[in-house]
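To start, the structure itself, in structure tokens.
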Amino acid sequence: MTINKVVVIGAGTMGSGIAGQVANAGIEVWLLDLPGADKPNALSERGLERLRNPDQPGLMSKQAESFIHLGNTRDDFDQLADCDWVAEAVVERLDIKKDLYHRLDQVCRPHTIISSNTSTIPIRLLVEDMPESFRKRFAITHFFNPVRFMRLLELVHGIDTDPAIIDTLADFCEQQLGKGVVPCLDTPGFLGNRVGVFAIQCALHTAFDLGLSPMEADALFGRPMGIPKTGVFGLYDLIGIDLMSDVVQSLVKILPQDDAFHQFSAKLPLMTRMIENGQTGNKMGQGFYRQNNEGKREVLNLNDGTYQAASRLDLPIAKNAELNGVKSLLDDDSVHGRFAWSVLSQTLCYAASLIPEVGENPLAIDDAMKLGYNWIKGPFEMLDEIGIDYFLMRLNRDQRSAPPFLAEAANSSFYRSQPGQLQTRLIGQRWAPVNRPKGIIRFSEMRQTLKPENDCAVASWFDLDGIALVEFHSKANALDGDSMAILDDASNAVENKGLRGLIVHNDAQHFSCGVNLQLVREFFRREDMEGLDQFLNHFQNTAHAMANARFPVVAAPVGLSIGGGFEVVLHAKQVICHANSTMGLVESMVGLVPSGGGCKETLYRWVDNLQCGDDISAACWKAFMNLGYGKTASSPIIAKDLAMLRENDHYLMNRDRLLALSMHAIDEPSGQKIFSRPPLSMPGKTLFNDMTEWLVSAEKQGALMPHDVVVGTELARIVTGGEIEAGTQWSERDLYDAERRSFLKLVASEATRARIDSMLDDGLTIRN
């Protein structure tokens with residue numbers, strides 16, 4: 001069955017998000033809600049406004065919005081008559097859902113698929129009084145918020161659900177909507193929220209019990225554990241303290257009385273008062289954190305309920321864990337180590353206790369936590385990293401028993417690598433291969449069966465049956481000289497050893513946040529401008545060699561590709577990226593200019609896009625504005641409009657399909673586009689003066705700060721040629737050299753150094 005038309009009923013946060021992702025896939029979708037008293041479509045219109053939120057856009061482009069039709073359940077219910085899938089996302093009340101299902105059964109065609117987004121009501125109750133014909137085409141499709149960005153879809157079938165319906169939903173949601181589909185049994189809370197909310201509540205209550213501040217708890221229950229940096233208190237603020245409290249209470253109602261979750265479900269008096277006072281998190285401007293009238297961050301004192309300055313917190317134990325792995329947290333005897341052990345041990349034991357209730361394969365739980373909560377590793381992968389025997393020893397020392405599935409893994413692991421295959425443990429000492437649908441390859445899994453050809457602390461390259469793959473793996477995949485040396489070595493190996501091509505890809509949340517600013521600071525604090533210039537020159541030469549290689553080169557980025565990371569992407573012969581990729585050159589925000597070929601490449605791409613001929617002034621202005629404002633594209637569609645991607649570059653809705661398509665592009669390189677970078681006739685000093693006058697005028701109007709003018713002047717100097725005569729021919733090398741000269745000049749300034757210090761020390765972008 002093909003899904004060509006979708007109707008989403010319920011235009012709240014989840015319903016509008018589902019509709020938005022269907023529209024992103026280029027599928028017609030109707031978004032319906034109850035009729036308003038004055039404006040019939042008021043609720044669905046509000047849902048569309050949510051999707052337009054620039055801080056978290058639910059739509060990839062204006063074009064995507066054109067696939068959404070707004071309506072209401074009174075006037076537009078007839079749209080259901082010819083739809084292929086109805087996704088119900090109304091309030092979590094069984095009576096309201098049942099009334100809706102009876103209406104749907106009367107209007108929809110016999111083959112129309114119907115699903116609910118619920119995570120709290122069992123499927124057997126939802127359809128208990130519906131005819132068998134309805135039950136056969138009914139399932140639960142539990143998306144995670146925000147729908148566009150969260151990869152997990154929990155797919156639940158009922159006793160009577162036709163397997164063909166599940167197959168259709170799985171294929172559509174995986175391929176068209178880009179979701180990681182995890183089949184779930186009809187158990188309370190399914191997988192993601194069952195484990196995820198337990199972990200959050202465990203961290204919350206343990207922090208209160210041990211007297212930790214929100215900042216201390218978030219510094220530990222975050223990156224050191226491979227969990228998003230929002231932590232626990234930051235996550236409560238992000239979701240909404242009132243909404244999160246409702247989620248907890250819903251799990252209290254549906255989980256068995258003997259479930260371990262209940263020991264962490266009690267309402268905390270301070271949080272009850274916060275909800276009463278409207279301190280419910282980011283949506284109200286204050287929760288556990290807030291910004292004061294001066295724009296400075298403050299944190300709640302959990303003892304007296306007052307706010308105090310949130311000074312930057314450096315915990316050695318947290319830094320050590322980021323460098324040496326999660327196990328180092330558990331070897332610490334301080335209160336911070338006790339917090340880490342308490343939270344991790346109880347969370348990992350809880351996950352293990354769910355086998356076999358939720359299924360016999362731990363892979364599903366690990367997938368749910370990685371795709372639905374952005375954990376770097378799932379609970380069972382984390383247990384393998386810690387060491388099962390060590391973990392069992394610690395439990396025994398605490399006189400705690402291990403869940404049977406965990407105890408059964410003593411002297412072993414939950415995953416093992418066999419020749420060319422990764423396997424996962426099942427109950428009863430059995431093993432099964434980790435199989436993914438055709439076309440899906442996760443390099444994080446593949447790399448466990450491979451040995452790198454060359455590696456260092458920040459990057460590695462692997463031989464994938466004759467294709468070189470470079471993976472960055474530093475913190476935030478920041479780039480330094482060692483990163484570029486690995487990329488250079490892989491390129492040389494392809495050239496000299498007869499490999500078929502080069503792919504730059506990783507399976508992390510982000511491709512690369514750019515050049516390591518700490519490295520830049522070390523150079524300028526030593527006043528080693530010669531060393532910094534050598535680093536920049538090597539970066540440029542490596543990118544240039546990749547762009548001009550005689551073999552196919554593909555960059556396959558996900559997440560953020562900004563700054564120097566995007567300069568690597570810019571020099572690939574073809575880009576195959578994820579639909580949620582964010583790209584751009586943002587160096588101006590820290591008082592710098594792109595100097596890995598980014599300015600050069602931006603200019604050339606606008607020259608190509610505008611078909612400038614000899615007069616490239618229009619392209620110069622476009623490049624100047626892109627670079628000066630540090631513009632980023634929140635989707636590949638927008639990236640093409642900003643000349644960041646070329647016509648041969650592609651995007652995929654499902655990031656797990658990038659690597660397979662990239663490997664295909666190496667063997668079928670017809671989509672590769674060579675880099676034609678002839679000398680440019682530079683407009684020189686006349687246009688340079690126009691740009692500097694524009695900068696001064698913008699400063700006088702209050703649109704720019706003084707150092708913005710300094711940075712903008714250097715960008716203008718690069719893209720126009722500066723004080724040279726109009727018509728002077730500049731080669732690609734001239735542009736590379738101009739980038740480095742301006743970069744070194746700016747690094748020497750106190751204003752740029754202040755911006756870099758603020759970013760590194762406080763995580764803040766300052767205007768000076």
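The values are calculated or read from the model by the stated rules, or taken from the named source; none is laboratory data. The structure displayed is predicted, hence computed values, not measured ones. Here the Cβ positions follow ideal geometry from the backbone for every residue, glycine too, while neighbour counts run over all protein chains shown.
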(request) Out of the residues in region 495-519 that are modelled with pLDDT of 95 or more and over 26 Å from the mean Cα position of the chain (by Cα), state the one that is surrounded by the fewest Cβ atoms within 10 Å (Cβ to Cβ). (result) Arg500
(request) Among the numbered conditions (1) surrounded by 24 or more Cβ atoms within 10 Å (Cβ to Cβ); (2) of a type in the set (Gly, Ala, Ser); (3) in a helix (DSSP H, G or I); (4) under 24 Å from the mean Cα position of the chain (by Cα), tell me where Ser588 comes up short. (result) (1)
(message) I'm checking my understanding of the structure. Among residues of region 291-311 that are in contact (Cβ under 8 Å) with a residue 60 or more places away in the chain and among the aliphatic types (A, V, I, L, M), which one is surrounded by the most Cβ atoms within 10 Å (Cβ to Cβ)?
(response) Leu300
(message) Would you confirm, using the coordinates I've provided, whether Pro146 is under 29 Å from Pro57 (Cβ atoms) and either surrounded by fewer than 22 Cβ atoms within 10 Å (Cβ to Cβ) or among the small types (Gly, Ala, Ser) (or both)?
(response) yes
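For region 116-149, which positions are touching a strand residue (DSSP E or B) at 6+ places or on another chain (Cβ under 8 Å) and under 22 Å from Val197 (Cβ atoms)?
Pass one, region 116-149, residues touching a strand residue (DSSP E or B) at 6+ places or on another chain (Cβ under 8 Å): 116-119, 123, 126-127, 130, 134, 137-144.
Of everything in region 116-149, those that are touching a strand residue (DSSP E or B) at 6+ places or on another chain (Cβ under 8 Å) and under 22 Å from Val197 (Cβ atoms) turn out to be Ser116, Asn117, Thr118, Ser119, Ile123, Leu126, Ile140, Thr141, His142, Phe143, Phe144.
Taking region 400-447 as the search range and keeping residues that are in a helix (DSSP H, G or I) and of a type in the set (A, V, I, L, M), which one is nearest to Ser345 (Cα to Cα)?
As a first pass, look at region 400-447 and keep what is in a helix (DSSP H, G or I): 404-407, 443-447.
Those left that are additionally of a type in the set (A, V, I, L, M): 406-407, 446.
Details: Leu406: 12, Ala407: 14, Met446: 28 Å.
Among them, the one singled out is Leu406.
Of the residues Asp209, Asp129, which is part of a helix (DSSP H, G or I) and farther than 25 Å from Glu381 by Cα? Spell out the reasoning first.
Values: Asp129 fails: part of a helix (DSSP H, G or I).
Only one candidate passes the filter, namely Asp209.
Is there a residue in region 176-187 that is assigned to a helix (DSSP H, G or I) and either out of contact with any strand residue (DSSP E or B) (no Cβ under 7 Å at 6 or more places or on another chain) or modelled with pLDDT of 95 or more (or both)?
Filtering region 176-187 for residues assigned to a helix (DSSP H, G or I) gives 176.
Then drop every residue that is not either out of contact with any strand residue (DSSP E or B) (no Cβ under 7 Å at 6 or more places or on another chain) or modelled with pLDDT of 95 or more (or both), which leaves 176.
Yes: one or more hits.
Considering only residues that are over 13 Å from Ile317 (Cβ atoms) and either of a type in the set (Ser, Thr, Tyr) or surrounded by fewer than 21 Cβ atoms within 10 Å (Cβ to Cβ) (or both), which ones fall in region 216-232? Explain how you work it out, then say what you get.
First pass over region 216-232, keeping only residues over 13 Å from Ile317 (Cβ atoms): 218, 226-232.
Gly226, Pro228, Lys229, Thr230, listed by residue number.
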(request) From Arg740, Arg755, grab the single residue that is touching a helix residue (DSSP H, G or I) at 6+ places or on another chain (Cβ under 7 Å), at pLDDT 95 or above, assigned by TED's automatic domain parsing to the domain that holds Lys685 and under 25 Å from Ala703 (Cβ atoms). (result) Arg755
(message) If the requirement is being hydroxyl-bearing (Ser, Thr, Tyr) and either closer than 30 Å to Val575 by Cα or within 34 Å of the chain's Cα centre (by Cα) (or both), which of these qualifies: Thr692, Thr686, Thr765?
(response) Thr765
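Could you list, in sequence order, the residues of region 31-58 that are among the aliphatic types (A, V, I, L, M), under 24 Å from Met653 (Cα atoms) and without any contact (Cβ under 8 Å) to a residue 40 or more places away in the chain? Before the answer, list the steps.
First, pick out the residues of region 31-58 that are among the aliphatic types (A, V, I, L, M): 31-32, 34, 37, 42-43, 48, 51.
Then keep just the ones that are under 24 Å from Met653 (Cα atoms); that gives 31, 48, 51.
Passing the criteria: Leu48, Leu51.
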(request) All but one of (1) in contact (Cβ under 8 Å) with a residue 60 or more places away in the chain; (2) among the small types (Gly, Ala, Ser); (3) over 25 Å from Pro403 (Cα atoms) hold for Gly231, so report the exception by its number. (result) (1)
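In this structure, is Gln574 farther than 30 Å from Met691 by Cα, among the polar types (S, T, N, Q) and in contact with a helix residue (DSSP H, G or I) (Cβ under 6 Å, 6 or more places away or on another chain)? Explain how you work it out, then say what you get.
Working: farther than 30 Å from Met691 by Cα: yes; among the polar types (S, T, N, Q): yes; in contact with a helix residue (DSSP H, G or I) (Cβ under 6 Å, 6 or more places away or on another chain): yes.
Here the answer is yes, as Gln574 does meet what is asked.
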(message) With part of a loop (DSSP other than H, G, I, E, B) and surrounded by 14 or more Cβ atoms within 10 Å (Cβ to Cβ) as the only criterion, which of Arg677, Arg753 stands out?
(response) Arg677
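Please state which one of Arg430, Arg425, Arg447 is surrounded by 15 or more Cβ atoms within 10 Å (Cβ to Cβ) and at pLDDT below 95. Working first, answer last.
Values: Arg430 fails: surrounded by 15 or more Cβ atoms within 10 Å (Cβ to Cβ); Arg425 fails: at pLDDT below 95.
Residue meeting the stated conditions: Arg447.
Which residue out of Pro437, Pro404 is more than 24 Å from Glu668 (Cβ to Cβ) and either surrounded by fewer than 18 Cβ atoms within 10 Å (Cβ to Cβ) or not assigned by TED's automatic domain parsing to the domain that holds Pro552 (or both)? Full working, then the answer.
Details: Pro437 fails: more than 24 Å from Glu668 (Cβ to Cβ).
From the options Pro437, Pro404, the qualifying one is Pro404.
Looking at Ser119, Ser115, which is the one that is at pLDDT below 95 and either aromatic (Phe, Trp, Tyr) or within 30 Å of Ser581 (Cβ to Cβ) (or both)? I'd like the intermediate steps shown before the answer.
On the way: Ser115 fails: at pLDDT below 95.
Within the list Ser119, Ser115, the selection yields Ser119.
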(message) Which count do you get for residues in region 663-674 that are surrounded by fewer than 14 Cβ atoms within 10 Å (Cβ to Cβ) and in a helix (DSSP H, G or I)?
(response) 2
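Have a look at Lys98, Lys62 and point out the one that is without any contact (Cβ under 8 Å) to a residue 60 or more places away in the chain and either touching a Leu at 6+ places or on another chain (Cβ under 6 Å) or under 26 Å from Ile166 (Cβ atoms) (or both).
Lys98
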(message) If Cys612 satisfies all but one of (1) in a helix (DSSP H, G or I); (2) surrounded by fewer than 24 Cβ atoms within 10 Å (Cβ to Cβ), what's the number of the condition it fails?
(response) (1)
(message) Given the options Leu371, Leu363, Leu329, name the one that is under 19 Å from Ala207 (Cβ atoms), of a type outside the set (Val, Ile, Thr) and buried (at least 19 other Cβ atoms within 10 Å of the Cβ).
(response) Leu329
(message) Can you report the number of residues in region 77-96 which are buried (at least 20 other Cβ atoms within 10 Å of the Cβ) and out of contact with any Gly (no Cβ under 6 Å at 6 or more places or on another chain)?
(response) 7
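Any idea how many residues of region 12-64 are within 24 Å of the chain's Cα centre (by Cα) and not in a helix (DSSP H, G or I)?
Looking only at region 12-64, we keep the residues that are within 24 Å of the chain's Cα centre (by Cα), and these are 12-27, 47-64.
Now restrict to residues that are not in a helix (DSSP H, G or I): 12, 25-27, 52-61.
Qualifying residue count, region 12-64: 14.
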(request) Hey, can you tell me all the residues within region 479-494 that are over 18 Å from Gln540 (Cβ atoms) and surrounded by fewer than 21 Cβ atoms within 10 Å (Cβ to Cβ)? (result) Ala493
